[in-house]
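Undergrad: Below you will find the structure I want to go over with you.
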Ligand SMILES: [Zn+2]
Ligand SMILES: [Zn+2]
């Protein structure tokens, strides 16, 4: 009976306020969904991708593949997955989540993360979002990565620990810096909170962030959790900025 009432209630609400596409607002069937056009332009990574960083790769493969960058310079984490490429619709959605106060976008993105990262979730997985610096958090009022981590935890049942990591200094904006400069800029800028220093011991840690560009932030975070005794680290992001190969 309760379910029936809920269903009727849902129908009434959607009749009065039909759900809109999360990217363009066009009418859609399901709330928190994309319309067919935005879905097609979202750049979902469905084919072959680098096992380490999630970059889409050309061609077909039945095995594990790596991009040239990861082959040359393997990341410190084990495996990496990305939902979509940081272009067009994907980019607009990330910017809306990050700077546009569209915090509700974390909900569908959490579902996408759960799908893209399904083989990274283990029974002992600890989800740890990349933190913002305290001052940036004050300005933005929320950490988009923590919202994503929370949504992912709801979908997977894995433990979410948004306070595991912290920034040790305010890092200047990363935009416009090349790969080497990004790494130098971030060196040692993340650490496991002293109050949580025993938590990662022997655990599988899954680092979650909105975007991966050079991977410098995720590298610093991986080093921090491995130093704290994590058994393995994997990374999961919504959007992958295509690397230089
Ligand atoms: Zn749309
Ligand atoms: Zn790669």
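Undergrad: How big is the range 32-134 on each of its three principal axes, counting only the C-alpha atoms and giving the largest first in Å?
TA: 38, 36, 26
Undergrad: While we're on this one: For the range 19-84, what D do you get in µm² per second when you plug the Kirkwood radius from alpha-carbon pairs into Stokes-Einstein at 37 °C and 0.692 mPa s?
TA: The Stokes-Einstein estimate is 239 µm²/s.
Undergrad: Within 10 Å, count the other beta carbons around each residue, average over each peptide in 42-52, 104-114, 231-241, and list them highest first. Write down the numbers at each step before the final one.
TA: On the way: 42-52: 18.8, 104-114: 20.7, 231-241: 24.1.
Packing order, densest peptide first, comes out as 231-241, 104-114, 42-52.
Undergrad: Taking a temperature of 25 °C and a viscosity of 0.890 mPa s, what whole-number D in µm²/s does Stokes-Einstein yield for the range 44-240 with Rh from Kirkwood over alpha carbon pairs? Please report the intermediate quantities before stating the final value.
TA: Values: Rh = 16.7 Å.
My calculation gives 147 µm²/s for D.
Undergrad: Further, regarding this structure: Over what distance in Å are the Cα centres of the range 12-79 and the range 118-133 separated?
TA: 18
None of the figures in this text is laboratory data; all of them are computed from the coordinates on show. All of these numbers come straight from a predicted model, not from anything done at the bench. As a convention, Cβ positions derive from the backbone with ideal geometry for all residues, glycine included, and neighbour counts pool all protein chains shown.
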